[in-house]
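The values are calculated or read from the model by the stated rules, or taken from the named source; none is laboratory data. Because the structure is a prediction, the values reported are computed rather than measured. Cβ placement follows ideal geometry from the backbone for every residue including glycine, while neighbour counts extend to all protein chains displayed. Heavy atoms of the whole protein, side chains included, go into the accessibility calculation; ligands, DNA and RNA do not. Shrake-Rupley method; radii C 1.70, N 1.55, O 1.52, S 1.80 Å.
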Amino acid sequence: MKGLTRLDRYLIKQFLGTFIFSILLIISVSVVFDINEKIDDFMKPEVSLHSIIFDYYLNFIPYYANLFSPLFVFISVIFFTSRLADKSEIIAMLSTGMSFKRLMVPYMISAAVIALLTFLLNSFVIPPGNATRIEFQNRYIKNKRVEYAESVQLEVKKGIFAFFGSYSDAMRTGYQFSLEEFKNKQLVSRLTAERIEYDSLYNWRVYNYRIRHFGRYKETVESGSSLDTIIEVRPTDFLVAEDDVQTMTTPGLQSHISRQKERGVGNVKLFEIELHKRYAAIFSAFILTIIGASLSSRKVKGGMGINIAIGLGLSFAYILFLTIAGTFAVSGALSPFMAAWVPNFVFIIIAIYLYKKAPR
């Protein structure tokens, strides 16, 4: 890397090497535990070894490695910096006249590389793999698909509103359906049907329907036993499972959120939380790097064990903050933006404090 000293390259190598090693170690343990938990499902005759390896674990490993990459960054920084401090290498660097601020340069470069790679993987590469992994889980382990909904109301397009009393995806059938069209805030037509069946891509068939047209001076009514019609709604627009957010690229998430909000659909909080988390993860890598380096750069009595223990405690606290904030956001007590960013806001205060206390 042009412009970097030999010391910079050494620290970057230590950082990224420890980061990769920690991912491999923790994910290996996770895979072993996951196999042990799902061994009965994997032994079913309809589950092939090829599907387990290529459909499930080939997508399981990158997803969880990327999901917890900020924490892997944190643990890696604390581990290798504590090791350097324990060997008095940090003291030797600072004794040459190097400031702690200059020492942080290779740390920030490494964090930037990891943050950018994490965001690109999370935004464009991993979501298609998640779709395959989740489909495997739904088919062979536990089906978490949402296949039924009640009292669904949404705006099909401007001025046109659809209502389903209930809808079953297994039967591709809805009941107590209505479709209302408004112009200048005036109701101009209303279709009601006892039953509606989904065919494909906006193609629906209504049964025992009645259409009322409201004119300025008179009202006309038409009815029939069945009618094929185009309604710009798909079951996937309102049958949303928690895992669905993991299968969308970042541009896909943005367009889905925008479209659902325009339609007045209320199940977008999970998607908004996921979108904000992807951006918050970029900054969390830098914040946790500063905390880790500041905390572990000082040589302490008792060796590096104390720093690692503190680091693990802060890691669990970060996960706890993220989980609690997400729960509050889903319930409506907290905005999706705040749910994703509250851990960063709290930890940036800790980062500033520890940075000022770091050895100079």
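For the chain, the solvent-accessible area with a 1.4 angstrom probe is 54 square angstrom per residue.
Taking all Cα pairs closer than 8 Å and separated by 6 or more residues, the relative contact order of segment 105-166 comes to 18 percent.
Within the chain, the whole DSSP H helices whose Cα atoms reach 27 Å or more along their own axis and whose mean Kyte-Doolittle score is at least 0.5 are 6-42, 100-120, 269-296, 305-331, 336-357.
Among the listed pairs K269/K356; K13/K142; K142/K261; K87/K357; K157/K218, those whose Cα-Cα separation exceeds 32 Å are K269/K356; K13/K142.
Kirkwood analysis of the Cα pair distances in segment 108-196 returns a hydrodynamic radius of 17.0 Å.
The convex hull defined by the C-alpha atoms of segment 204-298 has an orientation-averaged projected area of 10.1 nm². Can you tell me the FRET efficiency between F328 and S95 if r is taken as the Cβ-Cβ distance and R0 is 56 Å, rounded to the nearest 0.05? In this case the efficiency is close to 0.70.
With N the number of residues in segment 153-255, Rg(Cα) / (2.2 N^0.38 Å) evaluates to 1.22. Counting pairwise Cα distances across segment 265-360, what percent come out greater than 24 angstrom? Roughly 31 percent, rounded to a whole number. Between Y353 and Q153, the contour length at 0.36 nm per residue exceeds the alpha carbon distance by 67.0 nm. Computed with the Debye formula from one identical point scatterer per Cα of the chain, without solvent, the log10 of I(q)/I(0) at q = 0.08 Å⁻¹ comes to -0.56.
Normalised by the number of residues in the chain, the mean separation of alpha-carbon contacts (under 8 Å, six or more apart) gives a relative contact order of 19 percent. Here the spin labels are modelled as points 7 Å beyond Cα on the Cα-Cβ line, and at F337 and S48 they lie 4.9 nm apart.
Per-residue surface analysis assigns Y140 an accessible area of about 40 Å², computed on protein heavy atoms at 1.4 Å probe radius. Pairs of Cα atoms in segment 1-96 fall into 5 Å distance bins, from 0 up to the last occupied one, in shares of 2, 11, 16, 17, 13, 11, 9, 7, 6, 4, 3, 1, 0, 0 percent.
Could you please state how large a percent of the accessible area of the chain is carbon and sulfur, counting protein chains only and using a 1.4 Å probe? C and S atoms contribute 62 percent here. When K277, K299, K356, K38 are compared by accessible surface with a 1.4 Å probe, the order from highest to lowest is K356, K299, K277, K38. Paramagnetic label reach from R234 (point 7 Å along Cα→Cβ; backbone nitrogen cut-off under 12 Å): within segment 186-214, residues 200-203. Note on T323: accessible area approximately 80 square angstrom, rounded to 10, probe 1.4 Å, nucleic acids and ligands left out. By a 1.4 Å probe calculation restricted to protein chains, Y353 has an accessible surface near 140 Å², given to the nearest 10. With both labels modelled 7 Å from their Cα along Cα-to-Cβ, the L24 to A170 distance reads 4.7 nm. Label zone of E194 (point 7 Å out along Cα→Cβ, amide N under 14 Å): in segment 201-241 this covers 206-210, 224-227.
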